[in-house]
Amino acid sequence: MGFLKSSYNISRRRILSISKLFLLLSPLLVLSCSGAATKAVDERNVFKVGVILDLDSRFGDQMRMAIKIACQDVNSISSLGTHYIKPYYVNSHSKSLRAISAAEKLIKRKNVQVIIGLETWEGATLIAEIANQSQVPVISFARDQVTPTLMVQTLWPSLFRMSSDESNQIKCIVDVVSSYNRQRVSIIYEAGAYDTMYSKLLNSLSEELGKIGSTVEDQLILEALSSPNGEEVSLEEKLMKLKGKASPVFIVLGMSPPGSANFLKEAKKMGLFYGDSIWIFAEKPFANLLVSAEKSAISSTVEGAIGVITYRPKNQAYREFRSKFLNMFHHKYGENFNFEPDIDVVRAYDCIMVIKNAIDAAPSHDIIPEFLFNRISRNRLTGLSGPIRFEKGQLAHQPAFQLVSVNGNEYRELRLWSPNFNFSRSFIAKQSSRRNGYAIADKLKTEEGQTSGGNKPLVIGVPSKSPFDKFVKEEIDDTTGKAYYIGFCIDVFEKVVSHFPDPLNYQFSPHNGTYQDLINKVRDKTYDAAVGDVTILANRSQFVEFTQPFIASDLSMIVPEKPDLNRALIFMEPFTPTMWIASGGILIYTMLVVWFLERPINPEFRGPWTNQLSTALWFTFSSLFFAHRERVYRNFTRIVLVIWFFVALILTQSYTASLTSLLTLQELKPTVTTMEWLRISKARVGCDPEAFICDYLTNTLNFSKEAIVGISNTSSYGDEFRRGNIAALFLEYPYERAFFTEYCSGYLATHENYRFGGFGFVFPKGSPLAANFSEAILELSESGEMQRLENKWFPPECTMRNFTNETPRLGLNSFWALYALTIATSTGCFLFACLCTRRNRQDHERGSTDDDMSVTEMSIL
């Protein structure tokens, strides 16, 4: 018992020691496992980006949110980028000196390769000085610059500005004033933070107003808000100057967020927003007003005011960003904010996309500054805010502007303004650009005492029910509760619209009916256009105008697949018949050469002719598997066999690999291979009854009407096949691709070259938009963007299931050089051996043995 107790104590102490050791090592194991997991998740190189923003302000925090969303998008596992973008945020507290200190720390300590942010021009230029020395690109959102563009590029070549010229916004405001026929306006702006920028804007505004016969009657210059009490008195006295004006027009050019709330409070108290007054807010003060003042005060006070904001395309990418941004905003601030994100917030997102495009194009993991500068300056990108292209360090694209007014907690869109065509909807095309053949908004109507009437957009009909949701599908925005549309056709349409120099004002209208009814409504101009999976046909083209097809179409026959059980001769399939004949010929030729070379001196190759040839054949054939045992005596034979062994190695390895793939992958064949068999056997076939395919089968391909089964629900296709109700399903090629995204296995498709016009957008006869859209579609196709959209909605791994009768085999075209080498080598050795034998015989006849080789030595050659 004592022995057992002692053993138990020893074992117990050992277990305790092991447990303690495990507890000590467990943190290291956890760190090692987490590090390995992190490496497994993302092995991309880290690209460091410095972000300098005034995070104390609402706008700075909103830009931080946008940058965070962008980094999440580009760093996602599904991203194809080679780098992982890691942002380093620094709060400048709206102080330029703090921004300088932050930039130096980011460059020297964090080794950032790009710096973004910098909302003020003063801070941007100071950081650009440091960046010039460190060769670090700086992308700034600052607008308040008055330095000429050429001078900016010379002084600060590392500075890129994610902002556009403010002169177009001034022209838009002047056009609004012109629509009311007012000759006098009053200007309001806050001098402290905006004096440099808005002095330039004020001069530009006065000049543009003079062109329409209007003048600046008053300038109300507000001091920067320092102490609330003193400012209230001063502000009230200044606002008294604006009271009592006849038909006043007030233009707010600049105002900070703190000043906006105080100004709105006093202006509301004095009744300046009522009566026949017209208030026009430039973009920045309008945005500051929305984020600073109370929402109840905004909706009750400035509901009739006009705000000017930069237009951004409302495509699917923008809607996804807006949804993520508003969710993040609501989560942090808990406010019911449903206004559009500020243009600088959207450009903050685009800024990360610009960086991603630049670093993904790098030829190696180490990105040098010169390459980064070059890629950013040559960037071509369609972002959420529109086309992004830098020209002399500034955005080259001149955006359009949207006139809006506040409606509760949302915008109410009024009119679109284009730099080229103002508020005009119809105009003569300029120069050679056919896409300029359409203006965005109706002419702004003049109506006394209120803003202009509703902006009539293009009404675009979309099928409410497409055979497959991949093409057109209606979704509901969780934030706003409004309907929007997604799908391949919608993405193509939005990409085309983004290529236009001016934004297109449109709205989708769901169409409940057949595709022919949709085309008829475009014909009678119920709809201005139709977007969806509409096939271009000759009879339809007589009444409407189609664009260039954005996806090709032909007739596809989809049938169930079955395994190929007749595989007795599969061992013959790796090589083509020509390859087998050539390989056998090379084998026999090599056998004869080896036999000729070895027969005179090799005893294993002697005897009766049958024994000699069988030995040579066995020797050559067994050498394919390196199983030969016979010795060779002549050097010429060894040369022939070296080349032959190399050829045998390549042939056996290639054959083994090809046969392995054939045996591993199950060979599948369609249950039906031709349409002719379906017609003769009168087998039942399926098609979509609302599409033209059913009529095409009966009228053109002579199928019996009794044999055609109409299937409206695409989810029933698989059930119809399993029940044996149909032997084949006929679809257009785009629908075939959508079919295989839902049924990735079990079916095969065949084609017999019955082609259609493809899918296109529909416009009324004679519409200039059809040519404009066709040109943009061709550009998308040539740039590869159309193929990327197809791969997005129809993954290639599930859509390439077309049946072919040809099995891929190895042919003589892959080995002819190798065979030529072995033939040339064998022939050369054969000829040299003949020459040596002849010379040996001559020397032997002369009996000369003094200076010549012996018979044995000559035979060994």
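The values are calculated or read from the model by the stated rules, or taken from the named source; none is laboratory data. Quantities reported herein were computed from a predicted structural model and do not represent experimental measurements. Cβ placement follows ideal geometry from the backbone for every residue including glycine, while neighbour counts extend to all protein chains displayed.
List pairs: first in the range 459-473 and hydroxyl-bearing (Ser, Thr, Tyr), second surrounded by 19 or more Cβ atoms within 10 Å (Cβ to Cβ), Cβ under 6 Å, 6+ apart or cross-chain?
SER464/HIS511; SER466/VAL472; SER466/ASP533
Go through the range 333-347 residue by residue and tally those that are under 18 Å from GLU413 (Cα atoms) and modelled with pLDDT under 85.
Quick first cut of the range 333-347, residues under 18 Å from GLU413 (Cα atoms) only: 337-343.
Those left that are additionally modelled with pLDDT under 85: 337-340.
Total satisfying the criteria: 4.
State which residue is surrounded by the fewest Cβ atoms within 10 Å (Cβ to Cβ) when the search covers only the range 559-586 and only residues that are at pLDDT 80 or above and aliphatic (A, V, I, L, M).
ILE581
Could you list all residues from the range 470-491 that are surrounded by fewer than 20 Cβ atoms within 10 Å (Cβ to Cβ) and over 26 Å from HIS397 (Cβ atoms)?
Residues satisfying the conditions are LYS473, GLU474, GLU475, ILE476, ASP477, ASP478, THR479, THR480, GLY481, LYS482, ALA483.
Considering only residues that are touching a Lys or Arg at 6+ places or on another chain (Cβ under 9 Å) and crowded, with 18+ Cβ neighbours inside 10 Å, which ones fall in the range 492-514?
GLU494, HIS499, PHE500, ASP502, PRO503, ASN505, HIS511
Within the range 530-545, can you find the residues that are of a type in the set (A, V, I, L, M, F, W, C) and within 26 Å of the chain's Cα centre (by Cα)? Step through it out loud before you land on a result.
Applying the first criterion (of a type in the set (A, V, I, L, M, F, W, C)) to the range 530-545 yields 530-531, 534, 536-538, 543-544.
Answer for the range 530-545, where residues must be of a type in the set (A, V, I, L, M, F, W, C) and within 26 Å of the chain's Cα centre (by Cα): ALA530, VAL531, VAL534.
Looking at the range 801-857 only, could you name the residues that are over 30 Å from PHE646 (Cα atoms), modelled with pLDDT under 65 and in a helix (DSSP H, G or I)?
Matches in the range 801-857: VAL855 only.
Rundown of residues vs (1) of a type in the set (A, V, I, L, M, F, W, C); (2) crowded, with 16+ Cβ neighbours inside 10 Å; (3) not assigned by TED's automatic domain parsing to the domain that holds TYR515, yes/no style:
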{"site": "THR700", "(1), (2), (3)": "no, no, yes"}
{"site": "SER704", "(1), (2), (3)": "no, no, yes"}
{"site": "ILE708", "(1), (2), (3)": "yes, yes, yes"}
{"site": "SER767", "(1), (2), (3)": "no, yes, yes"}
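All but one of (1) in contact with a Phe, Trp or Tyr (Cβ under 8 Å, 6 or more places away or on another chain); (2) at pLDDT 70 or above hold for ARG375, so report the exception by its number.
The failed condition is (1).
Just to be sure I understand the filter: pairs with C-beta atoms under 9 Å, separated by 6 or more residues or on different chains, first member in the range 520-543 and on the phi < 0 side of the Ramachandran plot and surrounded by fewer than 23 Cβ atoms within 10 Å (Cβ to Cβ), second member assigned to a loop (DSSP other than H, G, I, E, B) and among the basic types (Lys, Arg). Which pairs pass?
ARG523/LYS765; GLN542/LYS765; PHE543/LYS765
Does MET197 fit the bill of being surrounded by 15 or more Cβ atoms within 10 Å (Cβ to Cβ), of a type in the set (A, V, I, L, M, F, W, C), touching a helix residue (DSSP H, G or I) at 6+ places or on another chain (Cβ under 9 Å) and modelled with pLDDT under 80?
Numbers: surrounded by 15 or more Cβ atoms within 10 Å (Cβ to Cβ): yes; of a type in the set (A, V, I, L, M, F, W, C): yes; touching a helix residue (DSSP H, G or I) at 6+ places or on another chain (Cβ under 9 Å): yes; modelled with pLDDT under 80: yes.
Yes.
With the requirement that a residue be under 36 Å from the mean Cα position of the chain (by Cα) and either modelled with pLDDT under 85 or more than 18 Å from TYR717 (Cα to Cα) (or both), what does the range 663-690 give you?
Residues of the range 663-690 under 36 Å from the mean Cα position of the chain (by Cα): 664-670, 686-690.
Matches in the range 663-690: THR664, LEU665, GLN666, GLU667, LEU668, LYS669, PRO670, GLU690.
Do the conditions hold for GLN169, that is, is it at pLDDT 80 or above and crowded, with 23+ Cβ neighbours inside 10 Å?
Considered against the rule, which asks whether it is at pLDDT 80 or above and crowded, with 23+ Cβ neighbours inside 10 Å, GLN169 comes out as yes.
If you go through the range 360-399, how many residues are over 20 Å from the mean Cα position of the chain (by Cα) and within 23 Å of VAL346 (Cα to Cα)?
13
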